[in-house]
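The values are calculated or read from the model by the stated rules, or taken from the named source; none is laboratory data. The shown structure was predicted, so the numbers you read here are calculated from the model rather than taken from an experiment. Heads up, the Cβs are rebuilt from the backbone with ideal geometry, glycines too, and the neighbour counts pull from every protein chain shown.
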Ligand code: 13P
């Protein structure tokens, strides 16, 4: 069985006080939801405090990025070892904002993925096409290329040790969610791309891009959608809890 995962990506939002208050509001309702897994990916400076606030709960801590380097003279960098030290279980790599705003290419993303695994963090690898790419019919080519960079550097088995998040760039922060059918089509392509049936069947594939309380259940009901990576709605406790409840309500998927 693939157990669903819902992860909040807080991006560069909030304060120390608001981050702690958000966790405080999330924990009682989330601790009652036992049939899926949950995580929050906080900004670097708040990881320790958010980790402290999560202690003893089933909600995991995640970071939003990791350096591709091990350690040393990389001003501003945050290493996998540091994230592990702060209690992180997950780390997002290759988010489209990192790719487009900070110029990260497929090879850098693959190096980050490798660093995450080296430090026993679960990488959440983001893949997805822009609107122009979708409209010109190259969605599968783009997503396939993004996956191949990681497969070539880390190996196919390593892909199954992480989590994939399909995040169409045109759906991020736009209010324009992919339809459940559009998400399912790309998720199914991703699973097929892995090739190996056993690995593909165990791979968690999240959907991200304008997931809200009112559309989560339909997305999570799709056969190859194993949960969500939630941006804006993860900053509002009631909204995030409602999305997490939708994952709880969705059936666990039997491995193919
Ligand atoms: P929104 O949910 O705000 O569209 O952001 C999605 C996202 O980028 C999660 O990583």
Run residue 150 past the list (1) modelled with pLDDT of 95 or more; (2) farther than 20 Å from residue 116 by Cβ; (3) more than 10 Å from the ligand (Cβ to nearest atom); (4) surrounded by 19 or more Cβ atoms within 10 Å (Cβ to Cβ) and report the number of the one that doesn't hold. (2)
Is region 163-175 home to any residue that is more than 16 Å from the ligand (Cβ to nearest atom) and either modelled with pLDDT of 95 or more or surrounded by fewer than 18 Cβ atoms within 10 Å (Cβ to Cβ) (or both)? no
How about region 202-214: which of its residues are over 15 Å from residue 166 (Cα atoms) and in contact with a helix residue (DSSP H, G or I) (Cβ under 8 Å, 6 or more places away or on another chain)? 202, 212, 213
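For residue 203, indicate whether it is within 12 Å of the ligand (Cβ to nearest atom), modelled with pLDDT of 95 or more, within 16 Å of the chain's Cα centre (by Cα) and surrounded by 20 or more Cβ atoms within 10 Å (Cβ to Cβ). Don't jump to the end; show me each part of the working.
On the way: within 12 Å of the ligand (Cβ to nearest atom): no; modelled with pLDDT of 95 or more: yes; within 16 Å of the chain's Cα centre (by Cα): yes; surrounded by 20 or more Cβ atoms within 10 Å (Cβ to Cβ): yes.
Criteria not met by residue 203.
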Quick check, is residue 19 at pLDDT below 95 and away from the ligand (no atom under 16 Å from the Cβ)? no
